[in-house]
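Trainee: The structure under discussion is supplied below as structure tokens; questions concerning it will follow.
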Ligand SMILES: [Zn+2]
């Protein structure tokens with residue numbers, strides 16, 4: 001590159017190391033592969049793990065979509081997209097899910113299903129689901145290898161005893177391929193079933209914690225639950241038992257964000273802005 005920065009910012013050795021870690025992560029679904037997370041020109045916690053995956057994977061003919069909580073326009077998404085545009089000359093970026101080959105996301109999985117030729121990269125703050133029950137990483141590694149998740153199940157059981165239900169709203173522990181339990185990043189429960197049998201490869205990058213893990217395509221992903229207390233997603237029904245609709249596009253099938261408008265009214269809107277716009281376009285005909 002003319003400005004002296006390597007294509008996609010990272011040096012070629014770093015990209016190769018990340019790609020090798022990705023291959024290992026795909027081979028052992030749900031296993032947290034350690035890697036030497038690089039310093040990026042932004043604070044850890046701003047998606048550096050996801051960004052390093054994106055930069056190691058992006059190449060000619062790729063089209064990148066970056067979303068934060070479902071929106072292409074939030075500050076985090078805009079800045080990450082700008083950084084990729086700056087350091088990857090010739091790469092296309094898009095807000096349309098259908099046009100994207102690579103999707104980097106924080107806190108959401110897109111509303112519409114992904115295709116087999118797409119890769120979803122999720123930014124992860126805390127990669128280990130066991131961290132809430134075991135502070136020692138050495139011990140957690142042994143528990144993962146033995147698929148010993150009894151303490152996690154006890155934690156869920158305690159929730160049921162105290163609150164009559166499992167209260168975890170985000171980062172819901174999910175068993176991948178019948179063995180490793182992952183922290184699926186702070187996606188809502190609504191998105192957890194989308195991990196199961198996905199067409200697309202889903203990658204997780206934790207920059208600060210230096211871990212990469214994967215849910216390969218057509219792999220099982222089961223949210224942890226009990227036979228008599230099954231897993232359930234957020235429900236968007238009103239007091240009359242009717243499913244709430246998005247105020248912009250009218251969809252009754254999407255994950256909704258709730259906020260208060262200027263009149264002080266409680267209103268609901270699709271969290272996936274691209275999905276919402278496309279629904280509105282369809283309605284206009
Ligand atoms: Zn909508």
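Trainee: Which of these, 231, 46, 163, has the largest mean-square fluctuation under a Gaussian network model of the chain (Cα springs below 10 Å)?
Mentor: Result for the chain, Cα springs under 10 Å: 163 fluctuates most.
Trainee: In addition: What is region 236-285's relative contact order, in percent, from Cα pairs under 8 angstrom and six or more apart in sequence?
Mentor: Details: 60 pairs, mean separation 15.6, N = 50.
This gives 31 percent for region 236-285.
Trainee: Another question, if that's okay. Classify region 83-134 as rounded, prolate or oblate, taking a ≥ b ≥ c as the square roots of the eigenvalues of its Cα gyration tensor: rounded when a/c is under 1.5, otherwise prolate if a/b is larger than b/c and oblate if not.
Mentor: Oblate is the answer for region 83-134, as a/c is 1.5 or above yet b/c matches or exceeds a/b.
Trainee: Between residue 225 and residue 263, what is the FRET efficiency for a Förster distance of 30 Å, r being their Cβ-Cβ separation, to the nearest 0.05?
Mentor: Calculated transfer efficiency: 0.15.
Trainee: Which residue, 262, 99, 85, tops the fluctuation ranking in a GNM of the chain built on C-alpha contacts under 10 Å?
Mentor: Result: 262 has the largest fluctuation of those listed.
Trainee: Which length gain, in nm to one decimal place, applies between residue 165 and residue 99 when the Cα-Cα distance is subtracted from 0.36 nm times their residue separation?
Mentor: 19.8 nm
Trainee: What Kirkwood hydrodynamic radius do you get for region 1-83 when you take the inverse of the mean 1/r over all pairs of distinct Cα atoms, in Å?
Mentor: One decimal place: 14.0 Å for the Kirkwood radius.
Trainee: On to the next question. How much length is gained on full extension from residue 42 to residue 19, taking 0.36 nm per residue of separation minus their Cα-Cα distance?
Mentor: 6.1 nm
Trainee: Take 53, 152 and order them by how many other Cβ atoms sit within 10 Å, fewest up front.
Mentor: In order of increasing Cβ crowding within 10 Å: 152, 53.
Trainee: Let me ask something additional. List the residues of region 166-182 whose backbone N lies under 16 Å from a point placed 7 Å from the Cα of residue 133 along the Cα-to-Cβ direction.
Mentor: Within reach of a label on residue 133: 166-168, 172-176, 179-182.
Trainee: Here is a follow-up. Please state the relative contact order of the chain as a whole percent: Cα pairs under 8 Å, 6+ residues apart?
Mentor: This gives 21 percent for the chain.
Trainee: Here's something else I'd like to know. Build a GNM of the chain with springs between Cα atoms under 10 Å: which of 26, 91, 103 gets the top mean-square fluctuation?
Mentor: 91
Trainee: Once you order the gyration tensor axes a ≥ b ≥ c over the Cα atoms, which shape class does region 123-219 get: rounded for a/c under 1.5, otherwise prolate or oblate by comparing a/b with b/c?
Mentor: oblate
Trainee: Under the classification rounded if a/c is under 1.5, otherwise prolate if a/b is larger than b/c and oblate if not, where does the chain fall, given a ≥ b ≥ c as square roots of the Cα gyration tensor eigenvalues?
Mentor: oblate
Trainee: Taking 0.36 nm per residue of sequence separation and subtracting the Cα-Cα distance, how much length would be gained by fully extending the chain between residue 92 and residue 240, in nm to one decimal?
Mentor: Difference between extended and current length: 48.7 nm.
Bear in mind these aren't lab numbers, they're just calculated from the coordinates by the rules spelled out. In this text, all values refer to a predicted model and were calculated from it rather than measured experimentally. A quick note on method: Cβ atoms are made from the backbone with ideal geometry, for glycine too, and the neighbour counts reach across all protein chains shown.
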